[in-house]
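Notes to accompany the following structure.
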């Protein structure tokens, strides 16, 4: 194992150990509670942020793309919690890129829950986070295992093309192509074509929201959209960007770095396929479950998208986890409040799927 990987593994283990200290110790070590916009940061999360600040790692906007990707996957696997048992995991190569008029091979990974008895399972088409630049099937393995095991759904994770090698709209094209492939091959895969959810966190939530808009006219459109702290506007002009844009894991500078790699031109910020909040018409899209965080630059745009969907007549459920920060989906093993929030998000999805057809 290279020295760099050994050091990272030791740092990860030390951080996990520090985070598992009794809460009374954590409260002393972390210092006075941090409050932003009337919301108090979770104590263990505050301690994690301090540990990360002391790690000596440069901010992401001063990191190479290759190093950022490596560090992000390592963080997700170090902090992601236990390896949930799964019935089956299958990697496939499918035809992709169809929405942009081209063709190419797209990698997906299918998770099936253990003990599934239904002939046709609901499926979650999942787009990972990482600012359109980072993230991978490997880095999100613990997340996808957890989602499949806890929801009882098949999870189809999409290895969409990343920027800057593949700028906008490559990821969107892959999302549309992967949905159409899944819908067209659903029964053969043991999936119910009437119960396909488009889902994602952060940039993946952006991709899922855009896909839900583009696919609303399909013969079998998505049945739900499950959006976790989604990026719905790349203008970065909401109040939460001003109050939460520094010091809380994902910063305004980092988001600008992501945006610079993802877009071909700043004028694309206004494109509804980049900023779905600005789409002129969002009526008729799939019902939405939207989860946001209280101390997160993306907080307000997620709430604004939920409000806009509701005003457009779309059944929408929104919940804010007031004490949490952006990206907590990768911190289930280290932050107890993150684990509870993930349980709540899964329960919400299970409830909505149970209502379908009633």
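The values are calculated or read from the model by the stated rules, or taken from the named source; none is laboratory data. Bear in mind the structure is a predicted one, so any value in this text is a computation, not a measurement. FYI the Cβ positions are ideal-geometry reconstructions off the backbone, even for glycines, and counts take in every protein chain you see.
Against the conditions (1) surrounded by fewer than 15 Cβ atoms within 10 Å (Cβ to Cβ); (2) more than 21 Å from the chain's Cα centre (by Cα); (3) in contact (Cβ under 8 Å) with a residue 40 or more places away in the chain, residue 93 satisfies every one except (3).
Would you point out the residue of the stretch 97-114, among those that are part of a loop (DSSP other than H, G, I, E, B) and surrounded by 12 or more Cβ atoms within 10 Å (Cβ to Cβ), that is modelled with the lowest pLDDT? Selected residue: 97. Within the stretch 226-243, can one find any residue that is farther than 28 Å from residue 43 by Cα, touching a residue at least 40 places away in the same chain (Cβ under 8 Å) and assigned to a helix (DSSP H, G or I)? No, the stretch 226-243 contains no residue that is farther than 28 Å from residue 43 by Cα, touching a residue at least 40 places away in the same chain (Cβ under 8 Å) and assigned to a helix (DSSP H, G or I).
Within the stretch 331-357, if we keep just the residues that are in a helix (DSSP H, G or I) and more than 24 Å from residue 122 (Cβ to Cβ), the residue that is modelled with the lowest pLDDT turns out to be 336.
Evaluated against (1) part of a helix (DSSP H, G or I); (2) in contact with a strand residue (DSSP E or B) (Cβ under 6 Å, 6 or more places away or on another chain); (3) crowded, with 24+ Cβ neighbours inside 10 Å, residue 324 falls short on exactly one condition, (1).
In the stretch 151-162, of all residues being part of a loop (DSSP other than H, G, I, E, B) and touching a helix residue (DSSP H, G or I) at 6+ places or on another chain (Cβ under 7 Å), the one that is farthest from residue 329 (Cα to Cα) corresponds to 161.
Filter the stretch 77-94 for residues that are more than 15 Å from residue 158 (Cβ to Cβ) and in contact with a strand residue (DSSP E or B) (Cβ under 7 Å, 6 or more places away or on another chain) and give the result.
First, the residues of the stretch 77-94 that are more than 15 Å from residue 158 (Cβ to Cβ): 77-88.
If the condition is that a residue be more than 15 Å from residue 158 (Cβ to Cβ) and in contact with a strand residue (DSSP E or B) (Cβ under 7 Å, 6 or more places away or on another chain), then 86, 87, 88 are the ones that fit.
The set of residues in the stretch 274-300 being assigned to a helix (DSSP H, G or I) and touching a helix residue (DSSP H, G or I) at 6+ places or on another chain (Cβ under 6 Å) consists of 276, 277, 299, 300. Looking across 92, 54, 39, one residue alone is over 21 Å from residue 259 (Cβ atoms), modelled with pLDDT of 90 or more, out of contact with any helix residue (DSSP H, G or I) (no Cβ under 8 Å at 6 or more places or on another chain) and not assigned by TED's automatic domain parsing to the domain that holds residue 141. It is 39.
Identify all residues within the stretch 122-148 that are out of contact with any helix residue (DSSP H, G or I) (no Cβ under 9 Å at 6 or more places or on another chain) and farther than 16 Å from residue 327 by Cα; write none if there are none. Break it down into steps so the answer makes sense when it comes.
Let us first name the residues in the stretch 122-148 that are out of contact with any helix residue (DSSP H, G or I) (no Cβ under 9 Å at 6 or more places or on another chain), namely 144-145, 148.
Listed by number, the residues that qualify are 145, 148.
To keep it simple, each residue is scored yes or no on (1) in a loop (DSSP other than H, G, I, E, B); (2) more than 27 Å from residue 70 (Cα to Cα); (3) touching a strand residue (DSSP E or B) at 6+ places or on another chain (Cβ under 7 Å); (4) touching a residue at least 24 places away in the same chain (Cβ under 8 Å).
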residue: 116; (1), (2), (3), (4): yes, yes, no, yes
residue: 119; (1), (2), (3), (4): yes, yes, no, yes
residue: 126; (1), (2), (3), (4): no, no, yes, yes
residue: 129; (1), (2), (3), (4): yes, no, yes, yes
residue: 132; (1), (2), (3), (4): yes, no, no, yes
residue: 139; (1), (2), (3), (4): yes, no, no, yes
residue: 144; (1), (2), (3), (4): no, no, yes, yes
residue: 149; (1), (2), (3), (4): no, no, no, yes
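Does residue 295 qualify as being farther than 30 Å from residue 54 by Cα and either free of Cβ contacts under 8 Å to residues at least 40 places away in the same chain or touching a strand residue (DSSP E or B) at 6+ places or on another chain (Cβ under 7 Å) (or both)? Spelling it out, it is not the case that residue 295 is farther than 30 Å from residue 54 by Cα and either free of Cβ contacts under 8 Å to residues at least 40 places away in the same chain or touching a strand residue (DSSP E or B) at 6+ places or on another chain (Cβ under 7 Å) (or both).
Kindly evaluate residue 310 against the criterion of being in contact with a helix residue (DSSP H, G or I) (Cβ under 6 Å, 6 or more places away or on another chain) and either assigned by TED's automatic domain parsing to the domain that holds residue 230 or more than 23 Å from residue 253 (Cα to Cα) (or both). Walk me through it before giving the result.
Numbers: in contact with a helix residue (DSSP H, G or I) (Cβ under 6 Å, 6 or more places away or on another chain): no; either assigned by TED's automatic domain parsing to the domain that holds residue 230 or more than 23 Å from residue 253 (Cα to Cα) (or both): yes.
The answer is no for residue 310.
Being crowded, with 20+ Cβ neighbours inside 10 Å and closer than 21 Å to residue 79 by Cβ is a property that does not hold for residue 343. For the stretch 179-203, the set of residues classified as assigned to a helix (DSSP H, G or I) and touching a helix residue (DSSP H, G or I) at 6+ places or on another chain (Cβ under 9 Å) consists of 179, 180, 181, 182, 189, 203, listed by residue number.
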